[in-house]
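Novice: Before I ask anything, here is the structure I am working with.
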Amino acid sequence: MSRPFALPGSRPRYAADRPVDTRHIRLDLDVDLGARSIAGRCSLTFSPLTPSVRHLRLDAAELDIERVTLADEPLAFRYDGAELSIELARTLAEGEMFTLDIDYRATPRRGLYFIQPDAAYPDKPVQVWTQSQDEDARHWFPCFDAPHEKATSELIATVPASMFAISNGELVRDEAQGDRRRVHWRLDEPHPSYLVTLAVGAFSSERAGWRDVELTYYGPPGSEDALRRTAGRTPEMLERFSQLFRCPYPYGKYDQVFVADFIFGGMENTTATTLTDLVLLDERAAIDADSEGLLAHELAHQWFGDLLTCRTWSEGWLNEGFASYAEYLWREHADGRDAADVELDGFGRQYYEEASARYQRPVVCNVYDEPLDIFDHHLYRKGARVLHMLRGALGDDAFFRSIGHYAQKHSRGSVETRDLARAIEDATGRVLDWFFDQWIFRAGHPELEVRVSWDAERACVIVDVEQTQAANDRAAAFRLPTAVAMRVPGEDADRVVPIELSEPRSSFALPLPAPPEQVVFDPGKQLLAPARTQKGLDLWLAELAGATAAIDRISAAREIGKRGGAQATRALAGALASDPFWGVRAEAATALGEIRTAEARDALLSAWDAEEHPRARRGIARGLGAFSRDEAAAEHLARIVSQGDASYFVEAEACLSLGKTRDARAPELLMAAAERDSFRDVIRDGAYRGLAAAREESALPWLLSQTGYGRPPLGRRSALLAAAELAAGRTDRDARDARERAEELLRDVDFRVQGAAVEALRTIGDPASISALRDLVSRELDGRLLRRAREVARDLEDGSARGEENARLRDQVEALRTEVGELRARIDRLAPASGSAEAEPADEPSGARRPSPRRTPTRRKGGKKTVPTA
């Protein structure tokens, strides 16, 4: 259920005043790993922007301020633990340059993190790293901690001699001082304080180059092969993005530093990205996984986020939406448009889930508590999808020309959405205020009902579209430029007809010389608009068999799986056996699982040995999981789980699917599988989730034992979430133990375990946890935890998180789906050989010729638009 985004007490946030311009930040820090602290001097060079500046206020959280001087003269200051107020000895004139020196110490709880081994995790490395986005730089040095304040920077770190320190820009000096080492970095390009970085550790490194840019990949000792395997395509990414963005990479070096326990996937610190070492690939993981999406995302930020920075966090989509779309652009280049479209489809699903289950908000939104509140799928995934629609509306050349103009015009500056809109207008003459208004400044998205039919009398395909989303205060209908692709029997090429939706109901008449065999609304699925399309089964079958874009064949497979029947089974089995793209084969396998007949199951089993692509094999394993209490499916999955698979991910999917079959062998096999280490712990995660899916209540105490400190960190999270699934709907002692264990883990030292504990309490759905969640809100600093804990406490209080009801409904739905599959099979057996039991009207739709560029759709009586043929 979607709720309002703003929580009680949230207020509008605006950019802070800038009485001075920060020109340079210089940090000289001694890092004490044993004390988990830093000590040193922060020197800030300013120039007043207004006349008569007499005092300054700096962001400084939980620092120990010892002394503030100007030209070696002490200054009076006040410090309340959050803000440092400094009284200047004299009035400074507008434009005058001055440097403040602030001596301080800190034992940070945010911003700068110390990683060390302990008795439970003795192999953990000793490292220090920063993560300052969004406003956590203030936790390790005093500054104007806002994205619109940019300055050059240098950082000097004194660290143990056995370690190295990495920061932004050029290495100026690296010198030994007894058992210590002093490393000096300098960046002469302006950037905001949240992008200043420090990473300290004993690193292995691999070096590469692109044009005149030095590239270095840093990772744990002995990780050279993994570094090359994971980051080896960075030079190609730099070349591709420099070409697409019409703006060469703007810095002299690019480092990628893979560290332990990083609290994000990656952070785009200027010239020196920090990444979690969990994405370093071993040989087995590289069979069917890569980390290139994450690496492309962070690299693209060097342009969009670092070179150009959102003026306020409310405009953060200009950083994150662009970087997310760069994931698509890289995948399109590296693996082709079909693979990229699958990734983009996933972006849409993530956004739709957030929009339906949590909230809908404008992408640009300034009402929040913490800036991290808006670092969500609206900002990242919807932002990327909006850029994809913008590309479709402009065309490739105009789109990338506009992006290049935008990047060059606002280089080293701060940007808002209106700057992007004006750059497009400058480059193309297109005024797209309406586009940004509906997609960026308005909450929600269109939802479409599409009906396709064939008008034999007029020889036209009729496409009726209704926008069914709830109307808000601003507008009921979206303006949606799109197209219809049609194919006539005997023709190999699509006839693509542009159309535009602008009313709550639109209707188009598309002339054709003959009834079509394919009619695809929104070919390529560019619109961020879920569409329920009604058309004949024959059209869906033809689309699955021969649509030009793989994402359209995938869409057809999903719809055919929902319809079921013998024809559907045969068509999906055919796609599984012969479609050239692995994504279609995987979706066909999943759709066969939706049908749940013996024939569908046999098609999956027969395809297994012939299928070589591991991602398609994942789809087969997923499809078999739909056959609850089916001996043949369970036997096949049990064999994969017990014997393993070349792919971690196939093995993990088989674990989950075996649990879904509710087979008696599942608990023992899954508990054994949970002892296997794997890339990102995917096998252990699949095993735990499989136990939850099996509804194996006796496994609950064992799952709780797997959450103990010292167990594999990612597995601890998975075990807790699986335990919550088993505890939902129960009131026995074991279920109470699960709730109490989740409440305990709200205090865990691992941020991700804390987050899992919040989600577990929502799944369990017991209002008794409200006080524990509120206690977390009162003591924690991480904005992600605070936001989610407040949401879950609210849902528990008003009853919208009901674990018992949800668990019961899930089981009922699964039982009904199995019964539907059995009924379909009986109907198929009773139907005549001709298949008349599932026959549908043949007078449905197909294609039309591309209209002449000189002729546009005209409205005819009845409100339909007739698109004339050329």
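The values are calculated or read from the model by the stated rules, or taken from the named source; none is laboratory data. Bear in mind that the values here come from a model prediction, so they are computed numbers and not experimental data. Every residue, glycine as well, gets a Cβ built from its backbone with ideal geometry; the counts of neighbours run over all protein chains shown. Accessible surface areas use protein heavy atoms only, side chains included; no ligands, DNA or RNA. Shrake-Rupley method; radii C 1.70, N 1.55, O 1.52, S 1.80 Å.
Novice: Conditions first: (1) closer than 27 Å to ASP80 by Cα; (2) open to solvent by less than 10 Å² (accessible area, probe 1.4 Å); (3) touching a helix residue (DSSP H, G or I) at 6+ places or on another chain (Cβ under 9 Å); (4) in a loop (DSSP other than H, G, I, E, B). SER153 passes all but one, so which condition is the exception?
Specialist: Answer for SER153: the failing condition is (4).
Novice: Here's a check for you: in the stretch 193-245, which residue that is of a type in the set (Gly, Ala, Ser) and not in a strand (DSSP E or B) is surrounded by the most Cβ atoms within 10 Å (Cβ to Cβ)? First the steps, then the outcome.
Specialist: Looking only at the stretch 193-245, we keep the residues that are of a type in the set (Gly, Ala, Ser), and these are 193, 199, 201-202, 204-205, 208-209, 219, 222-223, 226, 231-232, 242.
From the residues that got through so far, the ones that are not in a strand (DSSP E or B) too are 193, 202, 222-223, 226, 231-232, 242.
Values: SER193: 25, ALA202: 13, GLY222: 8, SER223: 20, ALA226: 23, ALA231: 28, GLY232: 13, SER242: 17.
Among them, the one singled out is ALA231.
Novice: Is it true that ASP681 is in contact with a Gly (Cβ under 6 Å, 6 or more places away or on another chain) and under 21 Å from ASP282 (Cα atoms)?
Specialist: On the way: in contact with a Gly (Cβ under 6 Å, 6 or more places away or on another chain): yes; under 21 Å from ASP282 (Cα atoms): yes.
Answer is yes for this residue.
Novice: Take ASP174 and decide whether it is closer than 16 Å to ALA272 by Cα, charged (D, E, K, R) and over 29 Å from the mean Cα position of the chain (by Cα). Full working, then the answer.
Specialist: Values: closer than 16 Å to ALA272 by Cα: no; charged (D, E, K, R): yes; over 29 Å from the mean Cα position of the chain (by Cα): yes.
Against the criterion (closer than 16 Å to ALA272 by Cα, charged (D, E, K, R) and over 29 Å from the mean Cα position of the chain (by Cα)), ASP174 does not qualify.
Novice: Right, another one. For the stretch 707-717, which residues satisfy the criterion of being surrounded by fewer than 21 Cβ atoms within 10 Å (Cβ to Cβ) and not small (Gly, Ala, Ser)?
Specialist: Within the stretch 707-717, TYR709, ARG711, PRO712, PRO713, LEU714 qualify.
Novice: Let me ask something additional. Test ILE263 against the criterion of being among the aliphatic types (A, V, I, L, M), open to solvent by 10 Å² or more (accessible area, probe 1.4 Å) and over 28 Å from ARG615 (Cβ atoms), and give yes or no. Walk me through it before giving the result.
Specialist: Numbers: among the aliphatic types (A, V, I, L, M): yes; open to solvent by 10 Å² or more (accessible area, probe 1.4 Å): yes; over 28 Å from ARG615 (Cβ atoms): yes.
Taking the combined requirement at face value, the residue satisfies it.
Novice: Within the stretch 729-739, does at least one residue satisfy the condition of being modelled with pLDDT under 95, open to solvent by 50 Å² or more (accessible area, probe 1.4 Å), under 28 Å from CYS655 (Cα atoms) and not charged (D, E, K, R)?
Specialist: Scanning the stretch 729-739, I find at least one residue that is modelled with pLDDT under 95, open to solvent by 50 Å² or more (accessible area, probe 1.4 Å), under 28 Å from CYS655 (Cα atoms) and not charged (D, E, K, R), so the answer is yes.
Novice: State yes or no: is ALA542 surrounded by 21 or more Cβ atoms within 10 Å (Cβ to Cβ), outside any strand (DSSP E or B) and of a type outside the set (Ser, Thr, Tyr)?
Specialist: Details: surrounded by 21 or more Cβ atoms within 10 Å (Cβ to Cβ): yes; outside any strand (DSSP E or B): yes; of a type outside the set (Ser, Thr, Tyr): yes.
Considered against the rule, which asks whether it is surrounded by 21 or more Cβ atoms within 10 Å (Cβ to Cβ), outside any strand (DSSP E or B) and of a type outside the set (Ser, Thr, Tyr), ALA542 comes out as yes.
Novice: I've got another one for you. Among the residues of the stretch 497-527, which ones are among the polar types (S, T, N, Q) and under 16 Å from VAL452 (Cα atoms)? Working first, answer last.
Specialist: Within the stretch 497-527, the subset among the polar types (S, T, N, Q) is 502, 506-507, 518, 526.
Scanning the stretch 497-527 gives SER506, SER507, GLN518.
Novice: Go through the residues of the stretch 748-766 one by one and say whether even a single one is surrounded by fewer than 21 Cβ atoms within 10 Å (Cβ to Cβ) and over 27 Å from the mean Cα position of the chain (by Cα).
Specialist: No: the stretch 748-766 contains no residue that is surrounded by fewer than 21 Cβ atoms within 10 Å (Cβ to Cβ) and over 27 Å from the mean Cα position of the chain (by Cα).
Novice: Let me ask another. Starting from residues that are charged (D, E, K, R) and open to solvent by less than 60 Å² (accessible area, probe 1.4 Å), keep the ones in the stretch 672-694 and report whichever is farthest from ALA646 (Cα to Cα). Write out each step before concluding.
Specialist: Initially, the stretch 672-694 is screened for residues charged (D, E, K, R), giving 675-677, 680-681, 684-685, 689.
After this cut, where a residue has to be open to solvent by less than 60 Å² (accessible area, probe 1.4 Å) as well, the list is 681, 684-685.
Working: ASP681: 15, ARG684: 16, ASP685: 17 Å.
For the stretch 672-694, the residue satisfying everything is ASP685.
Novice: One residue is enough: does the stretch 330-337 have a residue meeting the conditions buried (at least 24 other Cβ atoms within 10 Å of the Cβ) and modelled with pLDDT of 95 or more?
Specialist: Keep residues of the stretch 330-337 that are buried (at least 24 other Cβ atoms within 10 Å of the Cβ), which gives 330.
Within this subset, residues satisfying the condition of being modelled with pLDDT of 95 or more are 330.
Yes, the stretch 330-337 contains at least one residue that is buried (at least 24 other Cβ atoms within 10 Å of the Cβ) and modelled with pLDDT of 95 or more.
Novice: Which of the following residues is more than 25 Å from GLU189 (Cα to Cα) and either hydroxyl-bearing (Ser, Thr, Tyr) or surrounded by fewer than 12 Cβ atoms within 10 Å (Cβ to Cβ) (or both): THR45, THR107? Full working, then the answer.
Specialist: Values: THR45 fails: more than 25 Å from GLU189 (Cα to Cα).
Only one candidate passes the filter, namely THR107.
Novice: Next up: Among the residues of the stretch 352-365, is there at least one that is of a type outside the set (Val, Ile, Thr), without any contact (Cβ under 8 Å) to a residue 60 or more places away in the chain and either open to solvent by 20 Å² or more (accessible area, probe 1.4 Å) or over 26 Å from PHE581 (Cβ atoms) (or both)?
Specialist: First, pick out the residues of the stretch 352-365 that are of a type outside the set (Val, Ile, Thr): 352-362, 365.
With the extra rule that they be without any contact (Cβ under 8 Å) to a residue 60 or more places away in the chain, the set shrinks to 353-354.
Still in the running and either open to solvent by 20 Å² or more (accessible area, probe 1.4 Å) or over 26 Å from PHE581 (Cβ atoms) (or both): 353-354.
The answer is yes; a qualifying residue exists.
Novice: So THR99 fits all but one of (1) open to solvent by 40 Å² or more (accessible area, probe 1.4 Å); (2) more than 30 Å from the chain's Cα centre (by Cα); (3) farther than 20 Å from ARG57 by Cα; (4) modelled with pLDDT of 95 or more; what number is the exception?
Specialist: That leaves (3) as the condition not met.
Novice: Kindly establish whether ASP80 is open to solvent by 60 Å² or more (accessible area, probe 1.4 Å), closer than 24 Å to THR274 by Cα, modelled with pLDDT of 95 or more and of a type outside the set (Lys, Arg). Full working, then the answer.
Specialist: Working: open to solvent by 60 Å² or more (accessible area, probe 1.4 Å): yes; closer than 24 Å to THR274 by Cα: no; modelled with pLDDT of 95 or more: yes; of a type outside the set (Lys, Arg): yes.
Answer is no for this residue.
Conditions (1) open to solvent by less than 20 Å² (accessible area, probe 1.4 Å); (2) in contact (Cβ under 8 Å) with a residue 40 or more places away in the chain; (3) over 23 Å from VAL196 (Cβ atoms), marked per residue:
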| position | (1), (2), (3) |
| --- | --- |
| ALA286 | no, yes, yes |
| LEU295 | yes, yes, no |
| LEU307 | yes, yes, no |
| ARG311 | no, yes, no |
